[in-house]
1. Taking only C-alpha pairs under 8 Å that are 6+ residues apart, what is the relative contact order of the range 56-162 in percent?
2. Given R₀ = 35 Å, FRET efficiency for residue 106-residue 37 by Cβ-Cβ distance, to 0.05?
3. What's the ranking of 108-120, 30-42, 79-91, 55-67 by average number of surrounding C-beta atoms within 10 Å, highest first?
4. Would you mind pulling out the separation of the Cα centroids of the range 93-115 and the range 119-142, in Å?
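Only the coordinates and a few stated rules stand behind these numbers; no lab work does. Quick caveat, the model's predicted, so the values are computed rather than measured. Here the Cβ is made from the backbone with ideal geometry for all residues, glycine too, and neighbour counts use every protein chain on show.
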């Protein structure tokens, strides 16, 4: 005979599972600017989760990110660049290319922008990288990887949380 405690435990487990599924599949932001505010101010458990609010908001937040990207004081700018590349947002290509080619930009922003371009349009990334073959450091490494392609580039693009 099954006791009441077993049924209550089963019911409680089902409620938690249903609630967890709802929490994982919902879009928590009614407006894209809410996602942007959470992106700027959140403190996630892992660095690779910084773009999670942007991914949850989806393409609705991309125009806000693209408009803000030329601002060199933009909070978490590197992660915003990463988000645009991962999402394949073609409309971001002009601003990403501007950052990658601009020698007044910090090297790591330029490298990140080039990497994002490679995720959206590899042909364009190779054109931009061909003009950066004499650079060193982060930017030089990205430029060389873009030109080599294959597994060299794949390793840089794979940003999964481990």
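1. Working: 114 pairs, mean separation 21.5, N = 107.
The normalised contact order for the range 56-162 reaches 20 percent.
2. 0.90
3. Values: 108-120: 25.0, 30-42: 15.3, 79-91: 20.1, 55-67: 17.0.
Highest to lowest by the protection proxy: 108-120, 79-91, 55-67, 30-42.
4. First find each Cα centre; the distance between them is then 10 Å.
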